[in-house]
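The values are calculated or read from the model by the stated rules, or taken from the named source; none is laboratory data. All values derive from a computational prediction rather than experimental measurement. Using ideal geometry, Cβ is built from the backbone for each residue, glycine included, and neighbour counts are taken over all protein chains shown.
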Amino acid sequence: MKSVTELDWVTVDFRAVGEPGWRVVYLVDLDGLRFKAWPLAGWLIQEQDTYHRDIDAPATTTRPLRRVVPAHCNGLGEVRDATKGDTFWLVLRPGEPEPTAERQLIARAERCLLSEGLTAALRDKLDARQPIRLGQGPTLSPKQTDRLRELLTQ
């Protein structure tokens with residue numbers, strides 16, 4: 001019988017942030033290139049849960065893999081993995097400045113390149129000065145396109 005292994009992450013612990021000022025940042029599309037920063041609630045400690053879909057599979061005795069992920073508090077008071085979904089971007093530590101418009105532009109371009117494999121196509125559009133739409137986000141203005149070209153060729 002063929003065994004199919006499925007992997008999932010299960011939260012085994014939560015640690016609240018020790019110092020105020022930690023923020024989780026999401027890229028959102030509201031009137032152009034923007035982001036939204038929310039207070040970071042803490043850190044989820046997760047273990048990789050492996051299980052087999054057939055009963056003949058041998059049990060494993062290996063120690064599960066662990067990871068630490070940022071957590072935010074939703075509107076219902078529940079702590080959730082902040083990295084779930086397409087808009088998670090980064091975590092800022094206390095005192096770290098908010099991202100610049102250029103940094104946002106680069107992040108959106110990188111996401112576009114990674115998700116759609118547009119490396120050559122994006123460069124062709126940049127060279128031809130054609131309008132560029134970053135994934136499902138906004139279309140870049142000519143000025144933003146020129147700035148992206150500069151940043152990618154540095």
Limited to the stretch 1-25, what total is found for residues that are modelled with pLDDT of 90 or more and part of a strand (DSSP E or B)? 10
Can you tell me which of (1) over 18 Å from Arg15 (Cβ atoms); (2) at pLDDT 90 or above is the one Asp49 doesn't meet? (2)
